[in-house]
Amino acid sequence: MVSVAVLGAAGGIGQPLSLLLKLNTSVTKLHLYDIVNVPGVAADISHVATNSEVKSFLGPKQLADAVTGIDLAVIPAGVPRKPGMTRDDLFKINAGIVKTLVEAIAENSPRAFIAVISNPVNSTVPIAAEVLKAKGVFDPRRLFGVTTLDVVRASRFVRDLRSNVDAASLRVPVVGGHSGTTIVPLVSLASSPVELSESEIKELTNRIQFGGDEVVKAKDGAGSATLSMAYAGARFADSLIRGIKGESVVEPSFIALAADPAGAEEIRKLGAGDLEFFAVPVELSDKGVSRIVSLGAEPSAFEREAIAVAAEALSANITTGVNFAKGA
Ligand code: NAI
């Protein structure tokens, strides 16, 4: 019995994500919320022959009901990038949207797990944390920035270089944040060894960091990644749900490192320093983050340098989010 709300359900990500969640047999209730078009999306998805109940919630007056009685809120609400825009350019609009949505969750389902997709994740997750702290309900183990698309791209792009790799099972830990050089794929620590030259690793890292731009450019003004993001969002939600049900599942996610202070020591020493938030591989359970999973070995010198670069940019992104939430 898992109740999930998708906030921003009528959007480019929201629609296919809601469809994939309707196919997830662990989801028993699906609340779809948006400020436009959501009754049609919900009516359409509700005809899919799985047992979950789908309900539509339209506009701010129905927001409280949309997030009442839910176990997990997935948030793809907001505006996406157009060519030439960075994820930080989205900040002004999406910051306010995420703040409003998380306030409603804090007031109506304070124990719900929250998975933030809306960009810039490096700043919207700190905003969500501040909102939850202000409401007195912040549990760092229950708040996630969804970075799964970076992980998905890493596996797929390695496969583009080595056709003997299975893209579906290869896991590349991706740490740091979720924009440009804050995205740090640790290819040297992939779940099975991948033999790549130094120049291939550099190009691969750059492609994973800026993979979103390939989609923004190809869509030519019609938005950013939606279908691959819906797949990634549904995979993260499914991992969390399986964790809640007692399976041991590991996914990287952008979290407050306070979720597991002892487990965070390794990544702090590697370059995260005293940052409050960082993407790390986490084991999921009914508490949310049950622990930060050790990387198992030292990243390469190239990767350690990339972590240092990421940490510097992340620090500014986090501060931007915290200041916004505090009205500073
Ligand atoms: P979209 O514009 O197609 O859909 C956004 C939806 O949010 C629309 O249906 C809109 O009506 C809704 N919305 C706007 N204000 C709202 C509010 N106050 N409350 C509820 N819903 C509201 O955009 P798309 O392509 O679905 O992207 C959504 C977000 O996801 C963007 O911020 C984008 O940058 C981000 N994104 C994140 C990725 C990640 O890896 N975390 C990857 C790709 C996109």
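The values are calculated or read from the model by the stated rules, or taken from the named source; none is laboratory data. No experiment lies behind these values; they were computed from the predicted model shown. Here the Cβ is made from the backbone with ideal geometry for all residues, glycine too, and neighbour counts use every protein chain on show.
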Considering only residues that are within 20 Å of residue 251 (Cβ to Cβ) and either without any contact (Cβ under 8 Å) to a residue 12 or more places away in the chain or of a type in the set (Asp, Glu) (or both), which ones fall in the stretch 298-328?
303
Residues being closer than 24 Å to residue 239 by Cβ, of a type outside the set (A, V, I, L, M) and at pLDDT below 95: count how many of those fall in the stretch 130-165.
0
State whether one or more residues within the stretch 291-299 are assigned by TED's automatic domain parsing to the domain that holds residue 259, closer than 19 Å to residue 116 by Cα, under 17 Å from the mean Cα position of the chain (by Cα) and not in a helix (DSSP H, G or I).
yes
Just checking, which of 242, 235 is basic (Lys, Arg), in contact with a Ser or Thr (Cβ under 7 Å, 6 or more places away or on another chain) and surrounded by fewer than 19 Cβ atoms within 10 Å (Cβ to Cβ)?
235
Screening 17, 23 for residues that are buried (at least 22 other Cβ atoms within 10 Å of the Cβ), assigned by TED's automatic domain parsing to the domain that holds residue 116 and either modelled with pLDDT of 95 or more or at negative phi (or both) leaves only 17
Counting only residues that are more than 13 Å from the ligand (Cβ to nearest atom) and touching a Phe, Trp or Tyr at 6+ places or on another chain (Cβ under 8 Å), how many does the stretch 43-67 have?
1
Within the stretch 244-297, count every residue that is without any contact (Cβ under 8 Å) to a residue 12 or more places away in the chain and either at positive phi or charged (D, E, K, R) (or both).
5
Scanning the stretch 286-319 residue by residue, the ones that are among the hydroxyl-bearing types (Ser, Thr, Tyr) and closer than 13 Å to residue 276 by Cβ total 2
Consider residue 154 against the criteria (1) within 11 Å of the ligand (Cβ to nearest atom); (2) surrounded by 22 or more Cβ atoms within 10 Å (Cβ to Cβ); (3) not aromatic (Phe, Trp, Tyr): it satisfies all of them except one. Which criterion is unmet?
(1)
Please enumerate the residues belonging to the stretch 235-258 that are under 21 Å from residue 4 (Cβ atoms) and part of a helix (DSSP H, G or I).
235, 236, 237, 238, 239, 240, 241, 242, 243, 244
Tell me which residues, restricted to the stretch 110-149, are touching a helix residue (DSSP H, G or I) at 6+ places or on another chain (Cβ under 6 Å), within 16 Å of the ligand (Cβ to nearest atom) and assigned to a helix (DSSP H, G or I).
122, 123, 124, 126, 127, 128, 131, 148, 149
Take residue 230 and tell me if it is surrounded by fewer than 19 Cβ atoms within 10 Å (Cβ to Cβ) and within 12 Å of the ligand (Cβ to nearest atom).
no
Counted residues in the stretch 1-42 being away from the ligand (no atom under 13 Å from the Cβ) and in a loop (DSSP other than H, G, I, E, B) come to 4
Of the numbered conditions (1) at pLDDT 95 or above; (2) assigned by TED's automatic domain parsing to the domain that holds residue 244, residue 126 satisfies every one except a single condition; which is it?
(2)
Every pair of residues 6+ apart whose Cβ atoms lie under 7 Å, when the first sits in the stretch 219-237 and is assigned by TED's automatic domain parsing to the domain that holds residue 251 and of a type in the set (Val, Ile, Thr) while the second is more than 6 Å from the ligand (Cβ to nearest atom) and in a helix (DSSP H, G or I):
226/16
Being near the ligand (Cβ under 8 Å from one of its atoms) and not hydrophobic (A, V, I, L, M, F, W, C): is that true of residue 76 here?
yes
Among (1) farther than 19 Å from residue 189 by Cβ; (2) surrounded by 15 or more Cβ atoms within 10 Å (Cβ to Cβ); (3) touching a helix residue (DSSP H, G or I) at 6+ places or on another chain (Cβ under 7 Å) - the single one residue 223 does not satisfy
(3)
